[in-house]
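Everything on this sheet refers to the single structure shown next.
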Amino acid sequence: MENIKNQKFISLDISGKNYLSWVLDVKLHLNAKKLRHTIEEENTATNEKGTTALIFLRHHIDDGLKYEYLTVENPFEVWQNLNDRFEHLKAVVLPKALND
């Protein structure tokens with residue numbers, strides 16, 4: 001079997017142009033690390049798990065976004081803020097992809 005090389009995890013661009021793929025990558029990674037619940041509303045994550053998820057999210061967003069959400073200490077809030085900011089891109093990207 002061939003070795004699978006680790007792909008670089010792409011940070012979320014400040015323009016949001018890679019938002020859809022970034023969201024899927026983040027969800028998969030957080031699932032693998034058993035941290036997915038930290039970005040869900042009404043989660044009961046421990047402080048340690050929440051902090052770990054927050055560090056991961058901040059590490060994988062553009063520096064401009066990182067500074068914008070610098071004072072947000074809850075991973076769900078960061079996730080929701082990014083979703084509110086870029087969710088509209090799904091309506092633009094998905095129909096275009098269906099027509100290609």
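The values are calculated or read from the model by the stated rules, or taken from the named source; none is laboratory data. Here the structure is a predicted model, which means the values were calculated and not measured. Note: ideal-geometry Cβ built from the backbone for every residue, glycine included; neighbour counts use all protein chains shown. For accessibility, only protein heavy atoms count, side chains too; no ligands or nucleic acids. Shrake-Rupley method; radii C 1.70, N 1.55, O 1.52, S 1.80 Å.
Here are the numbers for the structure shown:
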{"read-out": "Test: residue in region 50-64 that is open to solvent by 30 Å² or more (accessible area, probe 1.4 Å), touching a strand residue (DSSP E or B) at 6+ places or on another chain (Cβ under 8 Å), at negative phi and in contact (Cβ under 8 Å) with a residue 12 or more places away in the chain", "value": "yes"}
{"read-out": "GLU73 surrounded by 10 or more Cβ atoms within 10 Å (Cβ to Cβ) and not in a helix (DSSP H, G or I)", "value": "yes"}
{"read-out": "Of all residues in region 33-49 being part of a helix (DSSP H, G or I) and of a type in the set (S, T, N, Q), the one that is surrounded by the most Cβ atoms within 10 Å (Cβ to Cβ)", "value": "THR38"}
